[in-house]
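The values are calculated or read from the model by the stated rules, or taken from the named source; none is laboratory data. Worth saying up front: this structure is predicted, and the values here are computed from it rather than measured. We place every Cβ from the backbone using ideal geometry, glycine too, and count neighbours over all the protein chains shown. In case anyone asks, the SASA skips ligands and DNA or RNA and just uses the protein heavy atoms, side chains included. Shrake-Rupley method; radii C 1.70, N 1.55, O 1.52, S 1.80 Å.
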Amino acid sequence: MMGHTLKFDCNGVDWNEAAEVFVRAPLGMRIPGRLKKAFEASHTVCFAYHGETLIGLGRAISDGVYQAAIYDLCILPEYQGQGLGNGMMKAILDKLDVEHVILYSVPGKEAFYEKLGFSRMLTAMSCHRDPSKLIAGGYIES
């Protein structure tokens, strides 16, 4: 993570820039105001900067005791493969003092999380307002 700094609060985040990281990653469109609301409501947040430039972000929700879920680990493509994702995940996990942590993985990226100690779940279920995009993206079965 040479030359990168991690920040663990939402102060000073440019939410338009954060939304652009999602587009370029590519993890889809995010509305800056809603993205801000989601991160501010999260238990743990992590922002990666190269100088003054936001290059990655991630967050976790948690009850602080038993369960946590990591969402939105997102890094600009030109910074992927340099250990930044590993560093961010380890930093987030260090701040989650809970028994169980779950996450969604982009299809095809499961091996990245397995290297960090995550296992595939056999009984996870989900419910969505509009499952069609998730089915098309390979996240859930029809």
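With respect to the conditions (1) in a loop (DSSP other than H, G, I, E, B); (2) within 13 Å of the chain's Cα centre (by Cα), PRO107 falls short on a single one, namely (2). When GLY28 is tested against (1) open to solvent by 30 Å² or more (accessible area, probe 1.4 Å); (2) closer than 22 Å to ASP14 by Cβ; (3) outside any loop (DSSP other than H, G, I, E, B); (4) modelled with pLDDT under 95, exactly one condition is not met: (3). Looking at ASP94, is it in contact with a Lys or Arg (Cβ under 7 Å, 6 or more places away or on another chain), acidic (Asp, Glu) and not in a loop (DSSP other than H, G, I, E, B)? Taking the combined requirement at face value, the residue does not satisfy it. Residue count for the range 1-17, restricted to those that are under 19 Å from GLY85 (Cβ atoms), under 16 Å from the mean Cα position of the chain (by Cα) and either charged (D, E, K, R) or open to solvent by 60 Å² or more (accessible area, probe 1.4 Å) (or both): 3. Taken together, GLU20, GLU52 contain a single residue that is on the phi < 0 side of the Ramachandran plot, free of Cβ contacts under 8 Å to residues at least 12 places away in the same chain and surrounded by 12 or more Cβ atoms within 10 Å (Cβ to Cβ), which is GLU20.
Residue pairs whose Cβ atoms lie under 6 Å apart, separated by 6 or more positions or on different chains, with the first residue in the range 36-47 and part of a helix (DSSP H, G or I) and the second open to solvent by less than 80 Å² (accessible area, probe 1.4 Å), are LYS36/TRP15; PHE39/CYS10; PHE39/VAL45; PHE39/ARG59; GLU40/CYS10.
Note on the range 88-142: residues that are open to solvent by 90 Å² or more (accessible area, probe 1.4 Å) and touching a Leu at 6+ places or on another chain (Cβ under 9 Å) amount to 1.
Please enumerate the residues belonging to the range 59-77 that are closer than 18 Å to GLU17 by Cβ and either open to solvent by 60 Å² or more (accessible area, probe 1.4 Å) or not in a strand (DSSP E or B) (or both).
Once the filter is applied, which keeps residues that are closer than 18 Å to GLU17 by Cβ and either open to solvent by 60 Å² or more (accessible area, probe 1.4 Å) or not in a strand (DSSP E or B) (or both), the range 59-77 yields LEU76, PRO77.
Scanning the range 23-35 for residues that are closer than 18 Å to ILE61 by Cβ and free of Cβ contacts under 8 Å to residues at least 40 places away in the same chain yields a total of 3.
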